[in-house]
Ligand code: B12
Ligand code: SF4
Ligand code: SF4
């Protein structure tokens, strides 16, 4: 069986994945009390699916009853581009610069599913990339892809954290990998730098304070509370601050996927251009991009929030309201 696991890993490399690991499919018993506490404290905000699918997220056999193993893949998305913080522009988070990762990663994972069915006839497998009730980060940690950083992302000493995860639940019995140690040490750079205090304690994120949540996940008609609006730090869609400051991202690995390069070289958008865009322009421009998730209304709301926050800060004496943790 070792050789089949090795063959599988080699196959994953040929598909363009930067790392692959295996975890045993079993209930996430150690993680369960923390997950329940996270829900109890309302840190999932309006992402009610996190509550609805709680049981499945904590037990992969409720998703695929025959599951024996979980294959976890990582694919890097960083490019040589860097944000410039131009006045009048809003920053796009790195993961949204290129093509939608679901469209790139899922077909590769489907190849893995087909490969398993060919190698072990009768195998049942299901692939997900942020598309199902699976705790991808916890499986990545268990499969040795990296450790969970204090910013709650999975980090690797050889890749940094700018990578997407994908998983295949399978009835194949593969050889599991070992988790890696936590190399955050005494560092608290991400907690200190988060503009809105969303990292309420090491390894715990409160979505109700996270810029990524507000700019990507909320409905267009939702107006940001002042504690968010005044601290957007120029982010129009998503937020990379807690990863940008991470010392391990000095060792980040650039992507080999041309699809993740910024579309038209754009990593920031002019707020005025966003505010004057019509539905057809939005549809054409962001077809196949993660940004379409925000919808035109959401992107324009974000631009409006940024524009008015900039006006307020010009008028104020520069003292930010208290947003301490
Ligand atoms: C919901 C969600 C969000 C929410 C909530 C984020 C969060 N931290 O949970 C929001 C909208 C805010 C979000 C933002 C982002 N997301 Co997101 N998101 C998800 C999603 C769908 C589920 C994550 C989840 O299970 N959350 C539940 C909470 C409870 O999990 P947790 O944070 O890991 O919590 C655990 C820890 O707190 C731990 N814990 C508590 N105390 C302690 C103590 C110690 C010592 C340890 C080790 C652990 C620990 O216990 C908890 C339970 O296990 C996943 C895809 C998936 N299906 O898994 C993508 C995913 C996590 N997101 C991803 C990305 C890229 C992002 C952004 C970078 C996008 C952006 N640039 O704006 C930001 C990053 C923000 C951040 N700092 O986390 C990637 C992360 C890849 C990676 N390298 O880790 C994923 C995996 C998608 C993918 N397929 O690639 N996301
Ligand atoms: S994504 Fe931004 S707002 Fe969210 S925890 Fe990280 S630094 Fe804070
Ligand atoms: S910034 Fe420091 S504490 Fe935060 S994830 Fe990176 S190494 Fe860990």
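Considering only the stretch 268-277, how many residues are without any contact (Cβ under 8 Å) to a residue 12 or more places away in the chain and farther than 17 Å from residue 91 by Cβ?
Kept after step one, since they are without any contact (Cβ under 8 Å) to a residue 12 or more places away in the chain, are these residues of the stretch 268-277: 273, 276.
Filter once more, so that each one left must be farther than 17 Å from residue 91 by Cβ: 276.
The total comes to 1.
For residue 169, are the conditions met, namely being within 7 Å of ligand 1 (Cβ to nearest atom) and on the phi < 0 side of the Ramachandran plot? If you could, list the steps in order and put the result at the bottom.
Values: within 7 Å of ligand 1 (Cβ to nearest atom): no; on the phi < 0 side of the Ramachandran plot: yes.
Here the answer is no, as residue 169 does not meet what is asked.
List the strands (runs of 3 or more DSSP E) inside the stretch 58-151, counting only whole elements, that have at least 2 residues being at pLDDT 95 or above and under 26 Å from residue 7 (Cα atoms).
On the way: elements: 69-76, 89-92, 125-128.
The qualifying strands (runs of 3 or more DSSP E) are 69-76, 125-128.
Looking only at residues that are assigned to a strand (DSSP E or B) and more than 11 Å from ligand 2 (Cβ to nearest atom) in the stretch 199-251, which one is nearest to residue 157 (Cα to Cα)?
Step one: filter the stretch 199-251 for residues assigned to a strand (DSSP E or B), giving 199-201, 204-205, 235-237.
If we keep only those that are more than 11 Å from ligand 2 (Cβ to nearest atom) too, we end up with 201, 236-237.
Values: 201: 23, 236: 29, 237: 27 Å.
Per the criteria, the residue is 201.
Which residues, counting only those in the stretch 278-321, are touching a helix residue (DSSP H, G or I) at 6+ places or on another chain (Cβ under 9 Å), at pLDDT below 95 and more than 19 Å from residue 91 (Cβ to Cβ)?
Result: 321, single match.
Could you look through the stretch 154-178, keep only residues that are assigned to a strand (DSSP E or B) and within 16 Å of ligand 2 (Cβ to nearest atom), and pick out the one that is farthest from residue 243 (Cα to Cα)? Before the answer, list the steps.
Pass one, the stretch 154-178, residues assigned to a strand (DSSP E or B): 154-156, 160, 163-170.
So of that shortlist, the ones also within 16 Å of ligand 2 (Cβ to nearest atom) come out as 154-155, 160, 163-164.
Values: 154: 10, 155: 9, 160: 9, 163: 11, 164: 13 Å.
Within the stretch 154-178, the match that is farthest from residue 243 (Cα to Cα) is 164.
Just to verify a result, which residue in the stretch 1-23, among those that are touching a residue at least 60 places away in the same chain (Cβ under 8 Å) and more than 23 Å from the chain's Cα centre (by Cα), is surrounded by the most Cβ atoms within 10 Å (Cβ to Cβ)?
Selected residue: 8.
The values are calculated or read from the model by the stated rules, or taken from the named source; none is laboratory data. Keep in mind it's a predicted model, so treat the numbers as computed, not measured. Heads up, the Cβs are rebuilt from the backbone with ideal geometry, glycines too, and the neighbour counts pull from every protein chain shown.
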